[in-house]
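The values are calculated or read from the model by the stated rules, or taken from the named source; none is laboratory data. These figures come from a predicted structure and were not determined experimentally. Cβ placement follows ideal geometry from the backbone for every residue including glycine, while neighbour counts extend to all protein chains displayed. Quick note on the areas: whole protein, heavy atoms, side chains included, nothing else; ligands and nucleic acids left out. Shrake-Rupley method; radii C 1.70, N 1.55, O 1.52, S 1.80 Å.
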Amino acid sequence: MGDTLNTFTFKPIGFIKSAYPDKFGVPRQSGLVKQTVSELSILPEWQPEFALQGLEEYSHVWVTWVFHLNTNTKYHPKIHPPRLKGETIGVFATRSPHRPNPLGLSLATVEKIEGGKIYLGGLDLVDGTPILDIKPYLPQFESLPSARGGWATKDENQVATIEVSFNDEARVILNHWMERLDNSKLEETIIDILKQDPRPVVYRGFEESGNSPYRSDHAFRLYDGDIHFRFTAPTKAEVFAIKFVSEK
């Protein structure tokens, strides 16, 4: 704790090693892309050989973390979530990263625990994210099927299903990449990311007119590769190239 009752100081318990080197392309919620597995090494000062004992009995954990790449330093009590298409809503009714305190909360699956490392599935965190705490998920208390989902669920039945394809060149590269990483779920991961349409809202809606004032080609980084894609229609995305960091 800091000098006053209104100031607090926290130390990370470790840092995430994930498939997402950059913010662009990171799923907007944990659990949307289930195939990725992130690695959390608990720092030695927290004595992980003791602190992790018993956690293997749980299937899920809550992860508390820091929006360490958040550059917005000015507080806004109302924000514009992309899914509200320009409407505003109170920041505490959202999971926006732009909060009074840059703290995030994600639910992850416990894939395995080895020594001082815990492998977490389905996280929505950028590589290097500081982790402040992990706590077991308790289904007997925290699973509430009758709970209301607010504005975030109002359009869930209207979300379009996006069809993702790979051109021939990208398909060949993808197959070699999956073999090199020994990751048979890589294609499924890319597809699930693109099904969330990672483009900023202003880039959407011009696919069929061909008159977009913005670029139509985009890319997100996954592991050591950049996946280049474009939307050829509002519900169709094509991966047209895969390039690797080592090639640049």
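Please enumerate the residues belonging to segment 69-90 that are hydroxyl-bearing (Ser, Thr, Tyr) and either open to solvent by 90 Å² or more (accessible area, probe 1.4 Å) or in contact with a Leu (Cβ under 9 Å, 6 or more places away or on another chain) (or both). Within segment 69-90, Thr71, Thr73, Tyr75 qualify.
A quick yes/no check of all residues on (1) touching a Pro at 6+ places or on another chain (Cβ under 8 Å); (2) farther than 13 Å from Ala170 by Cα; (3) β-branched (Val, Ile, Thr); (4) not in a strand (DSSP E or B):
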{"position": "Ile190", "(1), (2), (3), (4)": "no, no, yes, yes"}
{"position": "Arg215", "(1), (2), (3), (4)": "no, yes, no, yes"}
{"position": "His228", "(1), (2), (3), (4)": "no, no, no, no"}
{"position": "Phe231", "(1), (2), (3), (4)": "no, yes, no, no"}
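When you scan segment 106-115, do you find a residue that is touching a Phe, Trp or Tyr at 6+ places or on another chain (Cβ under 9 Å), in contact (Cβ under 8 Å) with a residue 40 or more places away in the chain and under 16 Å from Ala152 (Cβ atoms), even just one? So far as segment 106-115 goes, yes, one or more of its residues are touching a Phe, Trp or Tyr at 6+ places or on another chain (Cβ under 9 Å), in contact (Cβ under 8 Å) with a residue 40 or more places away in the chain and under 16 Å from Ala152 (Cβ atoms). The set of residues in segment 37-56 being out of contact with any helix residue (DSSP H, G or I) (no Cβ under 6 Å at 6 or more places or on another chain) and in contact (Cβ under 8 Å) with a residue 60 or more places away in the chain consists of Val37, Ser38, Glu39, Leu40, Ser41, Pro44, Pro48, Glu49, Leu52, Leu55. Among the residues of segment 180-211, just one is more than 22 Å from Lys23 (Cβ to Cβ), exposed (fewer than 14 other Cβ atoms within 10 Å of the Cβ) and touching a helix residue (DSSP H, G or I) at 6+ places or on another chain (Cβ under 9 Å), namely Ser184.
Exactly one condition in (1) surrounded by 12 or more Cβ atoms within 10 Å (Cβ to Cβ); (2) assigned to a helix (DSSP H, G or I) is not met by Glu45; state its number. Unmet for Glu45, out of (1) surrounded by 12 or more Cβ atoms within 10 Å (Cβ to Cβ); (2) assigned to a helix (DSSP H, G or I): (1).
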